[in-house]
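Here the structure is laid out as structure tokens; the discussion comes afterwards.
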Amino acid sequence: MGLTYEQAGVNIAAGNALVKAIGPLAKSTRRPGADAELGGFGGFFDLKAAGFTDPILVAANDGVGTKLKLAIDTGRHDGVGIDLVAMCANDLVVQGAEPLFFLDYFATGKLDNAVAEVVVASIADGCRQAGCALIGGETAEMPGMYADGDYDLAGFCVGAVERGQQLTGETIEAGDVILGLASSGVHSNGFSLVRRLVADNGWKLDRPARFDADRLFGDLLLEPTRIYVKSLLPQIRADRIKGLAHITGGGLLENIPRVLPAGAHAAVDADRWTLPPLFAWLQAGGSIEPAELARTFNCGIGMVAIVAAEQAEAVTAALTDAGEKVHTIGQITAGPRGCTVTGSTETWSARTPWSATHNHG
């Protein structure tokens, strides 16, 4: 009898079984424009059925990064799919776009259907939170490419915005107010440093956190990324927001300037919100300099909205009603396109007050 594909390490039957099992999960993400059926060679989306008349498409792709290693090490896979969707969908909404559909890529050395189903279920959960349909994806079993038990994820999301309504930040000017929407935790950035801190300090992921005895330390680190789409879209469509910045890799210092026009500088005051205990613990565990903290982690602010001063109160109230925790964290000043974060010793460091600046030419 000749050699088979399964003997080489690829189980086609297991892959087919997974597709069948996750079909109901995809159906649970149905929305106008997509019926979210799986099994074809491609997924369809009807922009007209979604209510658009003259749309511009916006696309984003991303992954979860080394946060996956913590999920694998702890056996907690039920949030990483939300992270995957969040990293893409939040990037779309900052352009003013409504996320429409999502596709995922799951790669592993040997397919474990129990793990894969949990991951895809969390992707479907993220899609429901973002209001987009899971219309397809790819599961790749690649023996020899991954260590036993390891897997990787990538996500691809497409959204749309009516022509002329996209957010470009071009109207941002001195005097505008910077609002910070609270993060749910570390989100999905900086985990190579987090994992190094865990290893160097011997922190136990399966033990209660010393700063929060009610939760395991690993659970706090794996808290899924917050998805801001449904709270922000009404404010975008009401033309109350001038610019948005998703605070991911690069932190506050490098992400806010990405939405600023020339001549606009973001002055952020870190005393306007309390550094969450998790970030303070990470900072202390590595004696991390405040400037490094501010360009590695979100420091408790997962999304920034820039609004006219006269709109700040109304936008804050509306976002609060939508479930967001909102802080007024600074203002736009005239100056080189960039960001300055200042804070006191109580907020950021056990040493002297500091100023961290990042300019973009």
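Numbers below:
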read-out: Residue pairs meeting the criteria (Cβ under 7 Å; at least 6 apart or on separate chains; first in contact (Cβ under 8 Å) with a residue 40 or more places away in the chain and among the aliphatic types (A, V, I, L, M), in the range 261-272; second open to solvent by 20 Å² or more (accessible area, probe 1.4 Å) and assigned to a strand (DSSP E or B)); value: Ala267/Gln331; Ala267/Thr333; Ala267/Thr340; Val268/Thr340; Ala270/Thr342
read-out: Of the criteria (1) among the polar types (S, T, N, Q); (2) under 20 Å from the mean Cα position of the chain (by Cα); (3) closer than 17 Å to Gly343 by Cα, which one Asn255 fails; value: (3)
read-out: Qualifying residues in the range 315-343 (those that are part of a helix (DSSP H, G or I) and of a type in the set (A, V, I, L, M)) - the one most open to solvent (accessible area, probe 1.4 Å); value: Ala317
read-out: Filter result (aromatic (Phe, Trp, Tyr) and either open to solvent by less than 20 Å² (accessible area, probe 1.4 Å) or modelled with pLDDT under 75 (or both)) within the range 1-45; value: Tyr5, Phe41
read-out: Within the range 187-290, helices (runs of 4 or more DSSP H) holding 2 or more residues that are open to solvent by 60 Å² or more (accessible area, probe 1.4 Å); value: 191-201, 229-237, 277-286
read-out: Gln165 being of a type in the set (S, T, N, Q) and not in a helix (DSSP H, G or I); value: yes
read-out: Residue among Ala107, Ala116, Ala60, Ala97 that is within 21 Å of Ser184 (Cβ to Cβ) and within 21 Å of the chain's Cα centre (by Cα); value: Ala60
read-out: Flag for Asp206 being farther than 30 Å from Gly338 by Cβ and either of a type in the set (Asp, Glu) or modelled with pLDDT of 95 or more (or both); value: yes
read-out: Residues within the range 144-174 that are farther than 30 Å from Ala309 by Cα and buried (at least 20 other Cβ atoms within 10 Å of the Cβ), tallied; value: 5
read-out: Any hit, the range 145-164, residues being under 28 Å from Val259 (Cβ atoms) and modelled with pLDDT under 95; value: yes
read-out: Selection count where residues are β-branched (Val, Ile, Thr) and in a helix (DSSP H, G or I), scope the range 291-314; value: 1
read-out: Which numbered condition Cys299 fails, given (1) surrounded by fewer than 24 Cβ atoms within 10 Å (Cβ to Cβ); (2) in contact (Cβ under 8 Å) with a residue 40 or more places away in the chain; value: (1)
read-out: Condition met for Leu293 (closer than 27 Å to Arg196 by Cα, in contact with a helix residue (DSSP H, G or I) (Cβ under 6 Å, 6 or more places away or on another chain), surrounded by 24 or more Cβ atoms within 10 Å (Cβ to Cβ) and without any contact (Cβ under 8 Å) to a residue 60 or more places away in the chain); value: yes
read-out: Cβ pairs under 8 Å, 6+ apart, first in the range 200-211 and under 16 Å from Phe279 (Cα atoms), second open to solvent by 40 Å² or more (accessible area, probe 1.4 Å) and among the β-branched types (Val, Ile, Thr); value: Leu205/Thr74
read-out: Hey, Gly79 touching a strand residue (DSSP E or B) at 6+ places or on another chain (Cβ under 8 Å) and under 20 Å from Asp104 (Cα atoms) or not; value: no
read-out: Odd one out for Ser184 among (1) over 17 Å from the mean Cα position of the chain (by Cα); (2) open to solvent by 20 Å² or more (accessible area, probe 1.4 Å); value: (1)
read-out: Where a residue in the range 315-332 is under 14 Å from Ala267 (Cβ atoms) and its partner, wherever it lies, is assigned to a loop (DSSP other than H, G, I, E, B), with Cβ under 7 Å and at least six apart; value: Ile329/Trp273; Gln331/Gly175; Gln331/Asp176; Ile332/Ile172; Ile332/Glu173; Ile332/Ala174; Ile332/Gly175; Ile332/Asp176
read-out: Residues of the range 312-323 that turn out to be farther than 10 Å from Leu179 by Cβ and not charged (D, E, K, R), as a count; value: 6
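The values are calculated or read from the model by the stated rules, or taken from the named source; none is laboratory data. Fair warning: this is a prediction, and the values are worked out from it, not measured in the lab. Every residue, glycine among them, receives a Cβ derived from its backbone with ideal geometry; neighbour counts consider all protein chains shown. Ligands, DNA and RNA are excluded from the accessible area calculation, which covers all protein heavy atoms including side chains. Shrake-Rupley method; radii C 1.70, N 1.55, O 1.52, S 1.80 Å.
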